[in-house]
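The values are calculated or read from the model by the stated rules, or taken from the named source; none is laboratory data. Here the structure is a predicted model, which is why all the values come from computation and not from measurement. Counting neighbours? That spans all protein chains shown, and the Cβs are built from the backbone with ideal geometry, glycine included. Calculation scope for accessible area: heavy atoms of the full protein, side chains included, ligands and nucleic acids excluded. Shrake-Rupley method; radii C 1.70, N 1.55, O 1.52, S 1.80 Å.
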Amino acid sequence: MRANRGALGVAAAVATELLYGCSFVFTKDAVETISPAALLAWRFSVALGAMGVLLATRVVRLTLTRHSVRPLLLLALFQPLLYYAAETLGVQRTTASEGGILIATAPVGILLASWLVLGRPPSPRQVTGILITFAGVFATIAAGGVATGFNPLGYLLLLAAVASYSLYTVFAERDDSSSALDKTFAMLAVGAVVFTTIALVE
């Protein structure tokens with residue numbers, strides 16, 4: 001039973017990374033037609049609507065409390081607000097391959113944030129694994145040809161996205177008062193409200 005759950009978890013992780021990687025290409029195409037705020041508004045509104053259906057049909061349940069709201073709002077500040085705003089604007093100004101390479105540095109950011117915030121220095125195995133993974137990502141993209149546009153602002157935005165995601169990860173790990181579902185709901189709700197408001201103002 002445990003082996004089946006482990007295999008399912010690995011399969012889910014692989015599927016997630018595939019979708020995540022494809023999102024750079026889709027985002028690059030989409031922002032050529034609509035504004036980043038409109039794209040993010042649709043993205044989070046659709047996701048929140050899907051989760052709302054699951055909640056309404058009692059497929060999933062929330063365990064939100066008054067005391068868990070403040071930590072959840074802090075998480076939502078880093079992810080999705082800062083992260084997706086920086087990532088979308090960064091991808092708009094760079095190429096999809098550049099975005100993939102820079103976002104691939106996220107594990108390095110997470111290790112540094114974990115070290116600084118949680119006081120957990122990285123182990124040699126972790127450092128080696130991340131270097132191998134990053135080298136694999138770079139080699140894969142380079143094999144298909146790395147298109148560059150050299151946009152310093154775009155690079156800074158993508159690195160800001162990495163920093164936001166890294167801080168979100170360590171704060172999410174530190175917050176043990178909320179379930180993973182509560183965190184997901186808070187992210188979707190805040191993202192839908194904020195980005196839809198910005199899109200409507202535009």
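Observations, loosely collected:
- For the stretch 21-50, the set of residues classified as surrounded by 17 or more Cβ atoms within 10 Å (Cβ to Cβ) and either among the aromatic types (Phe, Trp, Tyr) or outside any helix (DSSP H, G or I) (or both) consists of PHE24, VAL31, PHE44, listed by residue number.
- Candidate set from the stretch 147-202 (those that are of a type in the set (Asp, Glu) and within 30 Å of ARG120 (Cα to Cα)); member that is least open to solvent (accessible area, probe 1.4 Å): ASP182
- Hits in the stretch 108-125 (condition: touching a residue at least 40 places away in the same chain (Cβ under 8 Å) and either surrounded by fewer than 14 Cβ atoms within 10 Å (Cβ to Cβ) or over 20 Å from the mean Cα position of the chain (by Cα) (or both)): LEU118
- The stretch 51-74: number of residues that are open to solvent by less than 80 Å² (accessible area, probe 1.4 Å), part of a helix (DSSP H, G or I) and closer than 27 Å to SER166 by Cβ: 6
- Criterion: touching an Asp or Glu at 6+ places or on another chain (Cβ under 9 Å) and modelled with pLDDT under 80 - qualifying residue of THR95, THR27: THR27
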